[in-house]
1. Check off (1) over 22 Å from residue B:73 (Cα atoms); (2) facing another protein chain (nearest Cβ under 10 Å); (3) not hydrophobic (A, V, I, L, M, F, W, C) for residue B:192 and give me the number that stays unchecked.
2. Which residues, taken from the range A:91-117, are surrounded by fewer than 24 Cβ atoms within 10 Å (Cβ to Cβ) and more than 7 Å from chain B (Cβ to nearest Cβ)?
3. Please tell me if residue A:147 is more than 15 Å from the chain's Cα centre (by Cα), in contact (Cβ under 8 Å) with a residue 24 or more places away in the chain, within 14 Å of another protein chain (Cβ to nearest Cβ) and surrounded by fewer than 19 Cβ atoms within 10 Å (Cβ to Cβ).
4. Any idea how many residues of the range A:197-214 are assigned to a helix (DSSP H, G or I) and either within 13 Å of ligand 2 (Cβ to nearest atom) or among the hydrophobic types (A, V, I, L, M, F, W, C) (or both)?
5. Looking only at residues that are within 12 Å of chain B (Cβ to nearest Cβ) and in a helix (DSSP H, G or I) in the range A:164-195, which one is nearest to ligand 2 (Cβ to nearest atom)?
6. Which residue is farthest from residue A:9 (Cα to Cα), if the candidates are limited to the range A:41-77 and must be within 16 Å of ligand 2 (Cβ to nearest atom) and small (Gly, Ala, Ser)?
7. Name the single residue, out of those in the range A:18-52 being more than 7 Å from ligand 1 (Cβ to nearest atom) and of a type in the set (Val, Ile, Thr), that is farthest from residue A:224 (Cα to Cα).
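The values are calculated or read from the model by the stated rules, or taken from the named source; none is laboratory data. Please read these numbers as outputs of a predicted model, since none were measured by experiment. So basically every Cβ, Gly included, is an ideal-geometry build from the backbone, and we count neighbours across all protein chains shown.
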Amino acid sequence: MPAIAINNLDLYYGSFQALKGITSFFKEKTITALIGPSGCGKSTLLRCLNRMNDLIDGIRIEGQVLIGDKDIYAPGTDLIQLRKEVGMVFQRPNPFPLSILENVIFGLKIHGQLPSEKKKWEKIAFRALSAVGLWETLKDRLKESALSLTLEQQQRVCIARIVALQSRIVLMDEPCSALDPMATEKIESLMLNLKENFTIVIVTHNMQQAARISEETGFMLLGDLIEFGPTGQIFTKPQDDRTNDYITGRYG
Amino acid sequence: MKEKIIEKILTLLAFSAIGVLLLITVFIFKEGLPVILKAGIKDFLFSAKWAPTKGHFGILAMIISSLAVTFGSIVMGVPLALACAVTLAEFCPPRLLVFLKPTIELLAGIPSVVFGFLGVILLVPIIREYLGGPGLSLLAASIILAIMILPTITSISIDAIQAVPLLYKEGALAMGATHWQAIWLVILPAARSGVVTAIILGMARAIGETMAVIMVAGNALKIPSSLLDPVRTLTSTIALEMGYSAGDHRTALFAAGMILFIFIMALTILANLLMRKK
Ligand SMILES: Nc1ncnc2c1ncn2[C@@H]1O[C@H](COP(=O)(O)OP(=O)(O)OP(=O)(O)O)[C@@H](O)[C@H]1O
Ligand SMILES: [Mg+2]
């Protein structure tokens, strides 16, 4: 069973249709990449998966998104529970202006799962920060503001927040576009590690990045999902001319 | 050429504003200091005996009264102002906010005598009736001041909340926080320095307010022992006595003004420092 099943999803910003009948399946514990030119609807699609689009005025969404076996657009869906299971990493690292420790335990706190003994917090921080490769660097700095970290470290803390919450799915919207190539490489290898435990969907402008880390890739254009398949195939033997044009650089 | 001249004129104007401030400072200190030195700093600040015509210049009761009404107004006004600010910044449709925020700011422009008047005819009788005492009291002054500082604190806090990057809020919501959790755990802490600045400016306004306080505070010169006691603040004393004072009495009022001036300066500088730190 796929981790995420999208079924004939339409999305309108007012009268503008930003997603047109998207149907696709994202596999569990796999990195799926969404590529396509600017404005084609990648972020919009990604934000449908944790219903962050709900915040926008005048938006209309039709169709189904199944996560596990639940349609998250069915009436009565618990958004809080949904977003606990489906975490999101943003383009600009956005650790809260709180301490590193407070950032890491934030999710557990809001979901009422934070143990009251402060001693246990360090253990939570240990697990989450180890998972993102920051424990050794930060173990003595947990009380410092997360904003004092480098951008790369901030992005890792943002991932650690999701790890601590034990989400199952991580949505990443161009998580490296604010980072330099070195940092990008490190975050990419982190993603490959995280794949063991998480289903990852990543939106990226960077085709090499999609090719390097993802198993499956979807190519979008003007709100359509043009082609979806194993990454190797999309980049070497695309079935659709438009995909071919894009990966050979004809759209920019 | 023409621009050069305009620029010169503007610079001159800017400097003259600073010059005026300097002049005021020098003037107040020059007028006030001698009497402090004469009475002794200790007797001036820490004695409650104020009989300037008989050589007693203790302003302790006034200092305590000023601080008490200010503190009272903060205790009552800040939670209310923050509630207003959060509601308006986070729950109010933007189109309504465009209309409501200037309305609130307009409140700040209502002459203080109007607030005092409302206090006298509405608030004071209620206090007298239901809580006892003369009605004209520390409590009445605190409540009126709380209302008066509401617009300042609300308006600056709204700006501070709106200046918090949307990304923080999105980050919190994306983890499953409720809107309230996002506000309480992320947005308000992120807006903290702005909100504290707002509170300090509110304090400066409260401690410096004169007319409304004179009208509702009762103006009895003693250290208050309950919320229902009448009080007389530094500002009230200066305003009430300046007209007929002469000699040392007059200078003592300047000295009281000096203390007030120092309080307000300190608060304003603190507010500016905090704003810059952000
Ligand atoms: N809040 C909104 N209101 C109206 N239209 C929007 C809104 N957000 C996005 N759009 C439009 O929807 C389309 C898809 O936007 P989206 O942000 O999903 O594109 P994207 O593929 O992520 O682009 P980019 O690569 O630049 O991030 C664009 O045409 C955009 O202008
Ligand atoms: Mg995007």
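1. Answer for residue B:192: the failing condition is (1).
2. Answer for the range A:91-117, where residues must be surrounded by fewer than 24 Cβ atoms within 10 Å (Cβ to Cβ) and more than 7 Å from chain B (Cβ to nearest Cβ): A:91, A:99, A:101, A:102, A:108, A:109, A:112, A:113, A:114, A:115, A:116, A:117.
3. Criteria met by residue A:147.
4. Count: 4.
5. A:165
6. That would be A:43.
7. Among those that are more than 7 Å from ligand 1 (Cβ to nearest atom) and of a type in the set (Val, Ile, Thr), it is A:30.
Rundown of residues vs (1) within 11 Å of chain B (Cβ to nearest Cβ); (2) touching a residue at least 60 places away in the same chain (Cβ under 8 Å); (3) surrounded by fewer than 17 Cβ atoms within 10 Å (Cβ to Cβ), yes/no style:
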position	(1), (2), (3)
A:42	no, yes, no
A:55	yes, no, yes
A:65	no, yes, no
A:80	yes, no, yes
A:86	yes, yes, no
